[in-house]
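Encoded as structure tokens, the structure appears first; notes follow it.
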Amino acid sequence: MRILLCITGASGIIYGTRLAKALQDAKQDVKIVISAGAKKVAEAECDGTDVHLPPSNYSEFDFSCPYASGSNSADAVVICPCSMKTLGEIAHGVGSSLITRASEVSLKERKKLILVIRETPYSLIAIENMKLVTLAGGIILPASPGFYHQPKTIEQMVDFVVGKTMDQLGVQHKLFKRWKESETD
């Protein structure tokens, strides 16, 4: 599966970095685009910790990228985390960057588009934008970790959201214990 992973300037950069690693570990063909906003948020959130952005394959404004065209679209576009700015642009068809253009292409070609929203609370405008993207065929996946698997670390909570994203992509993983799953499953 050809996956374009876009990391934008929403809080929760750890979700995007963990998803990049999990997809690569699962031997998926993943290419990465990182927005300028994501780089600024990473500086603020990571502040000397071990969370670093993965290398970017394309610049944010590289419209010559294959995924900017319907004739060579990705099988799936994932924006993780997805900023409210990016959500709004996608909802209203504003293809001002490779990220939003590839998302438009994904929708028009009826390919998978997953937006891992990381915001709280939601404004009515954000809810309406999520509605528009959903009606157009996109998937809104809020970064809302579950707790039934009894996570003990932040990484386990992050892995829950990353695993749910991989479920939407149809990629096998063992990132979290599923509901009512026994230890031997």
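Test residue 35 against the stated conditions and say whether it is polar (S, T, N, Q), over 15 Å from residue 97 (Cβ atoms) and in contact (Cβ under 8 Å) with a residue 40 or more places away in the chain. So residue 35 fails the test. Identify all residues within the stretch 57-89 that are charged (D, E, K, R) and within 16 Å of the chain's Cα centre (by Cα); write none if there are none. 60, 75, 85, 89 - these are the residues of the stretch 57-89 that are charged (D, E, K, R) and within 16 Å of the chain's Cα centre (by Cα).
Looking at the stretch 149-166, can you tell me whether even one residue there is touching a helix residue (DSSP H, G or I) at 6+ places or on another chain (Cβ under 6 Å), surrounded by 16 or more Cβ atoms within 10 Å (Cβ to Cβ) and acidic (Asp, Glu)? No, there is no match, as no residue in the stretch 149-166 is touching a helix residue (DSSP H, G or I) at 6+ places or on another chain (Cβ under 6 Å), surrounded by 16 or more Cβ atoms within 10 Å (Cβ to Cβ) and acidic (Asp, Glu).
Within the stretch 50-64, if we keep just the residues that are at pLDDT below 95 and hydrophobic (A, V, I, L, M, F, W, C), the residue that is farthest from residue 101 (Cα to Cα) turns out to be 51.
Name the residues in the stretch 105-115 that are out of contact with any strand residue (DSSP E or B) (no Cβ under 9 Å at 6 or more places or on another chain) and part of a helix (DSSP H, G or I), would you? Talk me through it step by step, then tell me what you get.
To start, the set of residues in the stretch 105-115 that are out of contact with any strand residue (DSSP E or B) (no Cβ under 9 Å at 6 or more places or on another chain) comprises 108-110.
Selection gives 108 alone.
Quick check: is even one residue across the stretch 30-48 touching a Leu at 6+ places or on another chain (Cβ under 7 Å), acidic (Asp, Glu), more than 19 Å from residue 162 (Cβ to Cβ) and not in a helix (DSSP H, G or I)? Among the residues of the stretch 30-48, not one is touching a Leu at 6+ places or on another chain (Cβ under 7 Å), acidic (Asp, Glu), more than 19 Å from residue 162 (Cβ to Cβ) and not in a helix (DSSP H, G or I), which makes the answer no.
The values are calculated or read from the model by the stated rules, or taken from the named source; none is laboratory data. This one's a predicted model, so the numbers in the text were calculated from it and none came from an experiment. Glycine gets a Cβ as well: all are built from the backbone with ideal geometry, and neighbour counts include every protein chain shown.
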